[in-house]
């Protein structure tokens, strides 16, 4: 077949354009949808992540979180549903009683275009809810509450005197409050709907099963790994120990939680635990202590108790403070800690501290360079599903900051077309859904 002169010119022009601009357009696609909760306007939003550049663009306009003060979100296994934890707003009366409004867990479905569709909300048993966790098989959802259910729905009562019902002291108003709780729900994976699991081991004064599993005072954070649920508490009312991690066996068949013998372990040396999390494979449990700016390192024992690693702790970067989130890469080679304060950057500067993880011991060594700047007040950090990028959502600047990730060194560098993206007001949490069909 012969080509005309015009055809030859056209082919030459196409070839020239490919050589000049490359073939990126053939490979650009949406890698994932980044989902961000924001407390300023009680919203949740979705953003498209470009595989080739790491750039983020809005997938949808922000939608209502279905409650007040959304602080966490969690993706159901399979990527079709998202749960948003609305902590609610609180008012305290002259007697110290706390009334909560807008506290719930809202269920959203995710469309293939990243759209979020509100389904329904669930009123929680406890109050002052702080965290969500999902079982490994995606069959059970757990909610960590600062306060156990009280006599009146939506109200946490206070007492001027300590008692078994009110064991937890609040220094700000010299009142005593209920201890914390974990709520457990079974999940219908086809609809995302939740069904409360009764505590079959403990009963209330009427002889009926509790609707929750008791924990200690001042719930902080929790993490589910290797069949055990680890909850960090400010104190244990039974022993009086402070900065405690409770270990519960989590049944994969019933969702029941059972406190393991000796399961209320004090973290010796900690003064203000902020995060408990783990390496991607679950081999190492990391407890971040914002009080001493230290990372404590443990391995989960066969009995569920935490065993201190051979090198049990590592100081955070001395120029950084306010550790409030962490992640590791998918290969558990690098640890990234989100810090809300940076002496070198100055307020409102913030940064990630970066560590390499020693295989076999979990020990941490500061990377080179040891930190990477973020937006103001990073609330979360994660590695994207393509394993090319790391993102933080920043509450102080209402931004997401992205960085290119080097899997060989753990180094983070700026994205080629800009690393900072405006997002929903006052971000509180972030995650991704790789379901883009």
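The values are calculated or read from the model by the stated rules, or taken from the named source; none is laboratory data. Everything numeric here is computed off the predicted structure, so don't read it as measured data. A quick note on method: Cβ atoms are made from the backbone with ideal geometry, for glycine too, and the neighbour counts reach across all protein chains shown.
Miscellaneous remarks
- Remark: pairs (first residue in region 192-205, under 18 Å from residue 126 (Cβ atoms); second residue loosely packed, with under 12 Cβ neighbours inside 10 Å and at pLDDT below 95; Cβ separation under 7 Å; 6+ apart in sequence or on different chains) are absent.
- Taken over region 391-409, residues that are surrounded by fewer than 20 Cβ atoms within 10 Å (Cβ to Cβ), within 19 Å of residue 367 (Cα to Cα) and touching a strand residue (DSSP E or B) at 6+ places or on another chain (Cβ under 9 Å) amount to 4.
Residue-wise test of (1) surrounded by fewer than 21 Cβ atoms within 10 Å (Cβ to Cβ); (2) modelled with pLDDT of 95 or more; (3) closer than 30 Å to residue 435 by Cα; (4) within 23 Å of the chain's Cα centre (by Cα).
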| position | (1), (2), (3), (4) |
| --- | --- |
| 325 | no, yes, yes, yes |
| 333 | yes, yes, yes, yes |
| 365 | yes, yes, no, no |
| 378 | no, yes, yes, yes |
| 384 | yes, yes, yes, yes |
| 389 | no, yes, yes, yes |
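- Meets criteria (touching a residue at least 12 places away in the same chain (Cβ under 8 Å), assigned to a strand (DSSP E or B) and on the phi > 0 side of the Ramachandran plot) for residue 262: yes
- Condition check for residue 299 on (1) under 30 Å from residue 31 (Cβ atoms); (2) in contact (Cβ under 8 Å) with a residue 60 or more places away in the chain; (3) assigned to a strand (DSSP E or B): one failure, at (1).
- The set of residues in region 306-323 that are buried (at least 17 other Cβ atoms within 10 Å of the Cβ) and outside any strand (DSSP E or B) comprises 316, 317.
- Answer from 270, 264, 280 - the residue that is closer than 15 Å to residue 315 by Cα, surrounded by fewer than 24 Cβ atoms within 10 Å (Cβ to Cβ) and touching a strand residue (DSSP E or B) at 6+ places or on another chain (Cβ under 9 Å): 270
- Leading residue by the ranking (farthest from residue 214 (Cα to Cα)) among those in region 124-134 that are assigned to a strand (DSSP E or B) and in contact (Cβ under 8 Å) with a residue 60 or more places away in the chain: 134
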